[in-house]
Amino acid sequence: MTKKQIRKGDAKGAIPDRETVLRFIAENPNRASKRDIAKAFSLKGQDRIDLKLLLKDLENDGLLEKRRKTLVRPGSLPPGTVLEIVAREDDGSLMARPSEWPHDGSVAPAVRIRAERPAKNRKRGPAPSVGDQVLARIAQNDDPADAPFTGRIMKVLERSKGFTLGVFRSTPGGGGRIEPVERRDKEILIAPDDVGKAKDGDLVEVQSARTGRHGLNRGKIQDVVGSVASERAISTIALHAHGIPHVFPPAVLDEATKADHATMKNREDWRKIPLVTIDPADAKDHDDAVFAEADDNPENRGGVIVYVAIADVAWYVRPDSALDREAFKRGNSVYFPDRVVPMLPERISNDLCSLKEGVDRPALALRMIFNHDGRKIGHTFHRVMMKSAARLAYAQAQQAIDGHPDDKTGTLLDGVLKPLWHAYGVLKKGRDRRQPLDLDLPERKIRLNDDGSVADVIVPDRLDAHRLIEEFMIQANVAAAESLERKRQPLIYRIHDEPSLAKQEALRDFLKTLNMSLSKGNLRSNSFNGILAGARDKPYETMVSEMVLRSQSQAVYSPDNIGHFGLNLRKYAHFTSPIRRYADLIVHRALIAAYGLGEGGVTAREEENLEEIAAEISAFERRAMAAERDTVDRLIAHHLADRVGEIFNGQISGVTKSGLFVSLPQFGADGFVPVSTLGLDYYIYDESHQAMVGEKSGMGYRLGDCVEVRLAEAIPLAGALRFEMLSEGRKLPTATRSFHKANSSSRKQRGSVRRGRRRG
C-alpha cells in the first residue's frame, strides 16, 4: 500500500475508505469483484490502481478473502443459505443458524433475520416463527456487538409444527418416554392419555409443551411414523429429521399416470444409432446413453465423434405443472442404502424417461467432434427419438474390453464397445492436459441384509468404464454451458470456487510439517495434484488427501459464472441427469428454448427467478447430502451396537479442540474420542498441524495416525460412536513441539495473571 491518503466516504468518484469497502462487499456478496467496486464508486485511472492496493491490504489483514473474481468476508456463508430459526429476541427479532454445518466442533454462526415490508400488491404470508426452516439471502453484519450475519427471508421452506422426532418407550404404568433422535434434545414424558396408537419401539412425532422450569417436558404423540425395527426405519428418521418430502401428492401421481408417450414432432430419428447405457448393475433408471465412432473426415485424421443422449424429461415435466412444482420442492433424488427417494414419480423416472433397451425413448442429444489430441472441434444439440441397443453394467462392459465378453457384450464388442474405449483414450488426452483435481478418494458402499441390517461395507473397484462415462458426461455438460452462453440464454451454472485464503494458509501450514509446500498466487487445480502425487504411497497419503479435500470449497448452482475450479473448466452446467437433478431440467428447458426445439422450453418467469432457483436447489442438495450421511452413521452405529467393548484398528480422521475423530476403514464409520479421556496430560489443540499435543510430555496424535481404540458407546438413534484411545501418543515433529511449548508458556503466563488478580 502506498502512503497516499485514501479519501474517505462513499461519494461517486472518490476512493472509499476501508469501512465503506467492507460494507459494500457485505451488502453485495454476489457482485463484489474489483470491477464491481470500481464501477459502484465510479473510479477510473489512478483511482482504480489505488483501489487494487487497498483491497490487497484488506486481504493481507485477513479482512477479505478472494474467491475467484469475487471478494468476500472470511468465514462467510453462501449468499443463499437454509436457516433454522432458533430464537426470538426480547425486541421481537428472530435469530437463526444454518441448518447444515460441518461436524468440526465449531459453532454455526448466528444470523439475525431482517424484517422487511412486503412489496406493493404482494400478498403477505404468515410471519416466520421459531422452528421454521427458511431460505435466506445472507449479508455480513458490520456491528461487532450483533450477530455476524443478517438474513432476508426469500422463502419459508418448512413451517415448524413444534414436533420432536423420537422413539416411544412404554412404561409399566401406562404412558412412557420419548427417546429423541437428536442427541441435543431432551427426553419427553408421555401421559397414558397422550400415547394414541403408538407401541413400544415406534418412531413417532411428538408435540411437546413445557410444563415448568424443572423436570422433563411433557408431550402428546401426534403421528406414528413406523416401527424403529423396520427395514426402512433408519432412512425414515433422516427424511423426517431433515424435512425431505418423500410422499408424492395425489395430483402429482395423477399427472404422471396420465402422461403419454412422446411423438416424433420436432424430433430427429436416431433409432438406428447403437447407443448403449452403462450404469451400476442395480440401477433402476437409465437417463444417459453413449456411442462413439472414428471421424471419417480427412481433415480430422485420428479424430472421433461422440454421441451423448439424455432422457427428455422436459417433454413430460412442463413448467408450473404439478410434477414440476414437486420436483422443484425436492430439488434432487436422495440415495440411501435401503432405498431411493426420487425427484420424480416412478412412472416418469423408471418408465417413460428411462432409456430402456430396445424401446423408443425421447432424448435431448448432442454430437461432439474431437481431434486426435482430445481437443473439441465443435458440437451440435438435437431433440431426438432413440432406441437403446443394450443395457450394460460397468463391470460387464469392462470385462468385455478386458477380454471376457458374455453373450450380450460379445455382439457389441467390435462395433460399439471398442470404439467407445478408443474415443475415451482420445478424450483422456484432453483431460490429462487440463489436469483437473485428481482427488480420487475411495467411495464406500453399504450392503444390507434382507432385514435392513448391515451385511458388509465394500469399496467398489474404480474401472475405466466409470471414467469413460464420467468424461463423456463432463464434456456434455461443458457443451451445454457453451451453447447457452453463445445463444445469450440465461442458465444455471455448476460453479466451484477456489479455496479461500484461510483454507489455503491452513493447508500450507499443515504441509510444512511434512516438508511439502503449496504455491502462492493464483492457484489452479493442478497445484494440488503435485501435492497428491508427492504423497502417493507414503504413510501420510490418506492424511494429505483428506486435508486437500477439506481445503476445497463446496460446489453450488448459480446463474453467475465463476467457472469450476476442481474440474479446471471455465464453463460448466449440469445437463446429464434431469431425472434426478432439477438443475439439469432447467438447463434442458433453456436449450430447448434457445434452439427452438419445440415444447417444454424455459419460461420468462423461470429466467427471472434463476437466482432463487439456484439458491434453493443448492440448499436442497446440501440437505440431501446431510441426510445420506446421517443415515450411514445410524446404520453403522446399529451394526456396532452389540460390539461395545471390542477393540478396533482405526485412523484419526479429524482433530478438534474437544477431541479426536477416529475412522474405522472397514466400516466407513467415524467415532469420537473426547480430549478429557486421552490421559492425565493437558492436551493442546494445534490447528495448523492438525494435532493434539500433550503439554508435559510433548507426545500427541495427528490427523492420519493409525491408532487402536475400544468402542465405549454406540448410540444408534443419533448415529454416534464413542471410543477410548488405547494407543500411546507419539513424539511429534519439531514444529509441533515448538507450538506446544509456546502455548504452554502462554498458558502459564495467563495463569500467573489470573493468580495475581485473585491475590489482588
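The values are calculated or read from the model by the stated rules, or taken from the named source; none is laboratory data. Keep in mind the model is a prediction, meaning the values are calculated, not measured. Glycine also receives a Cβ, built like all others from the backbone with ideal geometry; neighbour counts cover every protein chain displayed. We work out accessible area using only protein heavy atoms, side chains counted, and drop any ligands, DNA or RNA first. Shrake-Rupley method; radii C 1.70, N 1.55, O 1.52, S 1.80 Å.
Under the convention that each Lys and Arg Cβ holds +1 and each Asp and Glu Cβ holds -1, the size of the dipole of the chain around its Cα centre is about 3580 debye.
Take each peptide in 695-704, 456-465, count the other Cβ atoms within 10 Å of every residue, and average; sorted highest first, the result is 695-704, 456-465.
The residue 254 and residue 18 beta-carbon pair, evaluated with R₀ = 56 Å, returns a calculated FRET efficiency of approximately 0.40. With the charge dipole of the chain set up from +1 on Lys and Arg Cβ and -1 on Asp and Glu Cβ about the Cα centre, the Cα lying farthest toward the positive end among the listed residues 684, 716, 566 is that of 684. Which label marks the calculated value of Cα extents along the principal axes in Å, given the options [x] 93, 82, 60; [y] 76, 63, 46; [z] 92, 81, 65? Label of the calculated value: [z]. For the chain, the share of accessible area belonging to carbon and sulfur comes to 48 percent (1.4 Å probe, ligands and nucleic acids excluded). Compute the label zone of residue 453 within region 603-640: residues whose backbone N is under 20 Å from the point 7 Å along Cα-to-Cβ. Residues 631-640 qualify, since their backbone N sits under 20 Å from the label point.
May I ask you to list the trypsin sites (Lys or Arg not before Pro) in region 476-570 that are in a DSSP loop and have at most 16 other Cβ atoms within 10 Å of their Cβ?
Passing both the DSSP loop test and the Cβ count: 487, 488, 520, 524, 536, 570.
Using the Cβ-Cβ distance between residue 642 and residue 438 with R0 set to 25 Å, the FRET efficiency from 1/(1 + (r/R0)^6) comes to roughly 0.05. Of all aspartates and glutamates in the structure, the ones whose alpha carbon falls short of 15 Å from that of residue 34, not counting any fewer than 8 places away in one chain, are 17, 47, 50, 57, 59, 65. In a DSSP loop and with at most 13 other Cβ atoms within 10 Å, the GluC sites (Glu not before Pro) in region 430-532 are 443.
Note that region 437-447 has calculated 3J(HN,Hα) couplings of 4, 9, 9, 9, 6, x, 10, 7, 10, 8, 9 Hz, one per residue in order, obtained from phi through the Karplus relation 6.51 cos²θ - 1.76 cosθ + 1.60 (θ = phi - 60°); glycine and proline are x.
Segment residue 406..residue 605, full-extension length gain: 66.6 nm, with 0.36 nm per residue of separation and the alpha-carbon distance subtracted.
Ligands, DNA and RNA excluded, the heavy atoms of residue 730 present near 100 Å² of accessible surface to a 1.4 Å solvent probe. Estimated at 0.36 nm per residue, the fully extended path between residue 533 and residue 505 surpasses their Cα-Cα distance by 8.1 nm. Each of 24, 323, 729 was placed along the dipole of the chain (beta-carbon charges, centred on the mean Cα), and the one lying farthest toward the positive end is 24. Counting only DSSP beta bridges whose two residues both lie in the chain, roughly 90 percent are antiparallel.
Karplus-derived 3J(HN,Hα) values for region 613-623, using 6.51 cos²θ - 1.76 cosθ + 1.60 with θ = phi - 60°, are 4, 4, 5, 5, 5, 5, 5, 5, 5, 5, 4 Hz; glycine and proline are entered as x. Multiplying the residue separation of residue 207 and residue 264 by 0.36 nm and removing their Cα-Cα distance gives an extension gain of 15.1 nm. Structure note, pairs 258/387; 376/520; 265/487; 56/696: Cα-Cα distances above 30 angstrom occur for 376/520; 56/696. Chymotrypsin sites (Phe, Trp or Tyr not before Pro), restricted to region 632-685: which are DSSP loop and have at most 15 other Cβ atoms within 10 Å? Here the chymotrypsin sites (Phe, Trp or Tyr not before Pro) that fit, given the DSSP loop and packing criteria, are 682. Going by the alpha-carbon gyration tensor, a ≥ b ≥ c the square roots of its eigenvalues, is region 268-341 rounded (a/c under 1.5) or, if a/c is not under 1.5, prolate (a/b greater than b/c) versus oblate? Note, shape of region 268-341 comes out prolate.
Ordering 660, 381, 506 by Cα displacement along the dipole of the chain toward the positive end leaves 506 in first place; charges were set at the Cβ atoms of Lys, Arg (+1) and Asp, Glu (-1). Taking amide hydrogens as placed 1.01 Å from N in the peptide plane, the amide H of residue 303 sits under 5 Å from those of 295, 372, each at least 5 positions away in sequence or on another chain. Using modelled backbone amide H atoms (1.01 Å from N, in-plane), which distant-in-sequence or interchain residues come within less than 5 Å of residue 155's amide H? Placed amide hydrogens put 135 under 5 Å from residue 155. Each peptide in 379-390, 611-622, 423-434 receives the mean, over its residues, of other Cβ atoms within 10 Å, and ordering these scores from highest gives 611-622, 379-390, 423-434.
Taking a ≥ b ≥ c as the square roots of the Cα gyration tensor eigenvalues, with a/c under 1.5 meaning rounded and otherwise prolate when a/b beats b/c, else oblate, which class fits region 280-323?
In terms of gyration-tensor shape, oblate.
Inter-label distance, residue 179 to residue 372: 6.8 nm, where each label sits 7 Å from its Cα along the C-beta direction.
Which entries of 155/329; 356/408; 329/356 show an alpha-carbon separation above 19 angstrom in the structure shown? Cα-Cα > 19 Å for 329/356; rest within. Computed from phi, the 3J(HN,Hα) profile of region 36-46 under the Karplus parametrisation 6.51, -1.76, 1.60 (θ = phi - 60°) reads 4, 5, 4, 5, 4, 9, 6, 8, 9, x, 4 Hz, with x in place of Gly and Pro. Give the calculated FRET efficiency between residue 88 and residue 554 to the nearest 0.05, with a Förster radius of 30 Å applied to their Cβ-Cβ distance. That gives a FRET efficiency of 0.50. Between residue 223 and residue 186, the simple label model (points 7 Å from Cα in the Cβ direction) yields a spacing of 2.6 nm. Amide H to amide H, with H built 1.01 Å from N, residue 727 comes under 5 Å of 708, counting only residues 5 or more places away or on other chains.
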